[in-house]
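Taking it in order: structure first as structure tokens, then the write-up.
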């Protein structure tokens, strides 16, 4: 009990710190408010939306990367980790287990992270989406046999409402902060790293790790191997298509997260 | 704990290859379409037909040539190149611009087109379009390994033909991604360095192509 309170305090302090370090992105916050009121009054015209899209394209999204030399080091570390360890293991694993089963295992892991999605939907005030996630969890855990199947989507048409704490922070108007490339975990930003840390208190994987680090790491490894086995060749293709894989990955990560945060805001407008 | 790692990002980028060429074939008869969404759909149906064609003895090279022709007619390669170079575009001479357009389309062609060989009836659907004067955005989606990947095309009107000038996979713009890389290369190695790197890339891709054929 006391431990939980301490943890809650720790999280509160860290969030505060994050807000101070990253700075509230007031400008964006204002724009969102303006837009949502526009939506509330009347649906924004397609043309206006398109202009917005095109403007965004011109502006682009960039991230400050003062730690680039260190990040590059860990990028290469992760690269080697993939080619020397993850890929051979995932390959052997994929040769033993048929793809359908591996997709089911991926589903089951995804199902376990339900608390993260649920809480973050709530934190963003998306109660309808939180309800959809809760229904998904109940249906898939029972009818989907511990989450191995996804009848919630296949039968009931309930789509995943992916949210995490990093997105929630973004939704609240907190900027990316600086870019990190963590060993093993890969690309992230200051905001998303805090998010990951916070989410770990909501994730079953985090709970296992707190109780028994070894079990937790084994579970994490299992998840990575399983999910990697489904995307072997993608990283190689990515390397082939890029001139500077480090920058390409950094930009892809930032753009991807940006679009997720933007989706979050648009979803809010609709519901 | 849900996070996106290096590999899932890579998978998004990889889908570019599919984005270029693969859509669901709904067996709609070809018609002279003016809507961007229909034009993209038609081009893609043609490509799918070529990919599915199973003539005995037909080489991949023959198919590839046909596909390249269709793809080229659907891309605004000058607009694409200009957006990739962005601020560096203005500093280029006319000749340099021509050269860059040609090199960059070769980079894309040699990088992505051979990946089509592994096309295996992935399902692609067109969702909707938003048109604003001479620009439009077309939304589509591809299902790969049971996961939907959103693909968005930015197109512009060129005498009745809607030509692609950017592709956005899961929110990642192809143009911006190359722009970030090229900016850095020009900063560190100058524009000549970039040209050299592009030439090397094209050679490297062609070499890989030959090796995988053998």
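Throughout, read-outs are computed from the coordinates displayed, never taken from laboratory work. Note that the structure is predicted; figures quoted are calculated from it, not measured. In this analysis, Cβ positions are derived from the backbone assuming ideal geometry, glycine residues included, and neighbour counts consider all displayed protein chains.
Can you pull the mean other chain C-beta count within 10 Å for peptide B:128-135?
Other-chain Cβ atoms within 10 Å of each residue's Cβ, averaged: 3.
Can you sort A:110, B:41, A:76 by how many other beta carbons sit within 10 Å, fewest first?
By the 10 Å Cβ count, ascending, the order reads A:76, A:110, B:41.
What shape does the stretch B:62-165 take by its C-alpha gyration tensor, where a ≥ b ≥ c are the square roots of the eigenvalues and a/c under 1.5 counts as rounded, a/b above b/c as prolate, and the rest as oblate?
Verdict is oblate for the stretch B:62-165.
Treat the count of other C-beta atoms within 10 Å as a stand-in for reagent exposure and order B:123, B:79 from fewest to most.
B:123, B:79
What is the average number of partner chain Cβ atoms found within 10 Å of a Cβ in A:257-263?
Partner Cβ neighbours, averaged per residue: 3.
Got the relative contact order for the stretch B:44-149 handy, in percent, Cα pairs under 8 Å and 6 or more residues apart?
Relative contact order of the stretch B:44-149: 17 percent.
Quick one: Cα convex hull volume of the stretch A:110-231, Å³ per residue?
Residue-normalised Cα hull volume stands at 118 Å³.
Can you work out D for the stretch B:10-212 in µm² s⁻¹ from Stokes-Einstein, where Rh is the Kirkwood radius over C-alpha pairs, the temperature is 37 °C and the viscosity is 0.692 mPa s?
184
Most exposed first by the Cβ proxy, i.e. fewest other Cβ within 10 Å, how do A:75, A:148 rank?
Fewest-to-most ranking of A:75, A:148: A:148, A:75.
Mind jotting down a quarter of the surface of the convex hull over the alpha carbons of the stretch B:146-214, in square nanometres, one decimal?
Mean orientational projected area (the stretch B:146-214, Cα hull): 8.0 nm².
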